[in-house]
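Input: a single structure, listed below in structure tokens.
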Amino acid sequence: MIDEIKNFYLSKLDQLYSNLDFRKGVLSFQDHLNNSGAQEDSRESFKNIFNQYLEEASLTISLIEPLEKLDGKILLEVGSGLGLVYGFLKAKNYNIIGIEPATPGFGNCYQTALSLFRELSIDSSGLHPLSADEVSQLNIKFDLIFSNNVLEHILKLKDCLYELKSVLKSNGKMIHNTVNYLIPYEPHFKIFLVPLMPRLTEIFYPRLKGYLLWRDLNFITTHKLKKICRLIKLKICFDRLALLRTLLRFETDQEFAARQKFFFNLYWILKKMKLLKILKMIPVSLTTPITFTITNK
């Protein structure tokens, strides 16, 4: 299914680039992705940025596979971004709802997603300009709620998970993938953090204060997640193989390797020393990223 979503969009790359609204929306994320240099309006820049979002969408799909089990289920994607996952699943007739805020601070993802759907004739009625703490407005109960690299951008995480719990069916499930900031590394900016006090990293990188992306980061840890779930009576279960799967992406994804040199170097060292199996024994609290499921108790 990962290859399928890539083929679905890459086969339409020229068509998407020709859409002025979608192209401008994608190119506007050059700063958001922390790319160096002046902004460029070129097909190569468009392709590079689009591929980064497509790789994230592919990872999101991997979280909820096998999709065959989702037939007839009602799905909610939290943080739809450019709408790549929503659009792909909608085109395959899955019952999916997506939320992506259209307010200042979230770029123009929502509007760009609508441009994508118009260009590809995809039903956009299920994509709503809502934040996670507004999801009860949909008046829908979901079988599966999922997100990828979203929760770390939600400052009021307890309120968010409580709201998501209110729209989760009694036998439903959430699947989330996010960063564990107990490991002092910030993957969006590709910098090391001050251990245990990540906000102090601003002292060494003053430019961070100018990024809304940085100011809105919630430095999540497994301990914080466990505490929140305990308080709002949810059961959380972490996937012990999340880090290993992330590192194994380097075998087939050269662009991912080029962007995440820290993890690539870690993978290369462990592979050369034949120590990859040791990752299965490391406590989840000492790994990043973290993937976990949440269910009602």
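The values are calculated or read from the model by the stated rules, or taken from the named source; none is laboratory data. Remember, it's a predicted structure, so these values are computed and weren't measured experimentally. Cβ coordinates were reconstructed from backbone atoms using ideal geometry, including for glycine residues, and neighbour counts include every protein chain displayed.
When Thr291 is tested against (1) under 20 Å from Pro187 (Cα atoms); (2) at pLDDT 95 or above; (3) part of a helix (DSSP H, G or I), just one condition goes unmet, and that condition is (3).
Ser125 fulfils the conditions (1) at pLDDT below 95; (2) in a loop (DSSP other than H, G, I, E, B) except for a single criterion, (1). Looking only at residues that are closer than 16 Å to Glu186 by Cβ and of a type in the set (A, V, I, L, M, F, W, C) in region 248-266, which one is surrounded by the fewest Cβ atoms within 10 Å (Cβ to Cβ)? The qualifying residue surrounded by the fewest Cβ atoms within 10 Å (Cβ to Cβ) is Phe262.
Looking across region 250-288, the residues that are in a loop (DSSP other than H, G, I, E, B) and in contact with a Pro (Cβ under 9 Å, 6 or more places away or on another chain) come down to Gln260, Thr288. Within region 227-244, one or more residues are under 25 Å from Lys158 (Cα atoms), assigned to a loop (DSSP other than H, G, I, E, B) and touching a strand residue (DSSP E or B) at 6+ places or on another chain (Cβ under 6 Å). Taking only pairs six or more apart or across chains, which ones have beta-carbon atoms under 7 Å, a first residue in region 125-146 that is free of Cβ contacts under 8 Å to residues at least 12 places away in the same chain, and a second residue that is outside any strand (DSSP E or B) and not aromatic (Phe, Trp, Tyr)? Listed by first residue and then by second, the contacts come to Gln137/Leu130. Scanning region 176-209 for residues that are free of Cβ contacts under 8 Å to residues at least 12 places away in the same chain, of a type in the set (Val, Ile, Thr) and either surrounded by 17 or more Cβ atoms within 10 Å (Cβ to Cβ) or over 25 Å from Pro283 (Cβ atoms) (or both) yields one hit, Ile203.
Only residues that are of a type in the set (Asp, Glu) and modelled with pLDDT of 80 or more were counted in region 246-273, giving 1.
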